[in-house]
Amino acid sequence: MKNRKRALILAGTAAALVATLIGAAPAPAAPAAPKLASVHGGGTVSYPYVPKEHDIRFTVDADAAPWSRPFPAPGGEQGMPVDARGKVTVYHAMPDANFTGVAEAEVDCMVTGGKTATITAVVTSSNVGWEGKRIGISVQDGERGGPDRVGFSWGIANADVKADGSVSEPRVGTCMAPAPFTEVTKGGFKVTPAPLAPRPKPSS
């Protein structure tokens, strides 16, 4: 009988201890927000096809905003995983022509891979007639002491040579930009890479 009472007391004590531990345990942490890509910074680039006195600069402030730009086409109801927002500024001073070209553009797309990103943006204001034009910019965040680099969709890229020999500049598609072919000589960029965001669940 004594053994039975002792067993009951021990069982009750164990149950009370388990209940205390469960009650004291912290609540499960909320799932972490998915990491989002971004590119921020500005720099002067070395471009061999203009006089050395020219000053060409880019500034980029772009943040991923996946699935935020729906468009009226099959499959576009939720937007795209590479949707983004932000601003790109292009500055090109030409002392020999006594002119400085400037364009500001709103970012609409960005995709990253390692320390390289491609970004497109639609020009909202300029003094070179680019309003409404989509431009493509690529940025490489230099690693192991290497320089940062920038590429852009005009000058040496995006030319369509037709059968009659004439050349036209095709429209730049979203997130389309050439490899970062120029070296940043002053300033720099920070590329924060992130995997593509999963497709959102359809609303019920």
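Structure notes:
- Looking only at residues in segment 104-135 that are touching a Gly at 6+ places or on another chain (Cβ under 8 Å), crowded, with 21+ Cβ neighbours inside 10 Å and of a type outside the set (A, V, I, L, M, F, W, C), the one that is farthest from residue 178 (Cα to Cα) is 120.
- Among the candidates 66, 70, 74, residue that is more than 21 Å from residue 155 (Cα to Cα), open to solvent by less than 40 Å² (accessible area, probe 1.4 Å) and not β-branched (Val, Ile, Thr): 66
- Counting the residues of segment 166-184 that are more than 21 Å from residue 80 (Cβ to Cβ), of a type outside the set (Asp, Glu) and open to solvent by 90 Å² or more (accessible area, probe 1.4 Å) gives 1.
- Test result for residue 44, touching a strand residue (DSSP E or B) at 6+ places or on another chain (Cβ under 6 Å), modelled with pLDDT of 95 or more, in a strand (DSSP E or B) and more than 23 Å from residue 175 (Cβ to Cβ): yes
- Lone qualifier among 96, 83 - being among the acidic types (Asp, Glu) and surrounded by 13 or more Cβ atoms within 10 Å (Cβ to Cβ): 83
- Unmet criterion (only one of (1) surrounded by fewer than 17 Cβ atoms within 10 Å (Cβ to Cβ); (2) among the small types (Gly, Ala, Ser); (3) in a strand (DSSP E or B)) for residue 163: (3)
The values are calculated or read from the model by the stated rules, or taken from the named source; none is laboratory data. Fair warning: this is a prediction, and the values are worked out from it, not measured in the lab. When we count neighbours, we look across all protein chains shown, and the Cβ atoms used for this are built from the backbone with ideal geometry, even at glycine. Quick note on the areas: whole protein, heavy atoms, side chains included, nothing else; ligands and nucleic acids left out. Shrake-Rupley method; radii C 1.70, N 1.55, O 1.52, S 1.80 Å.
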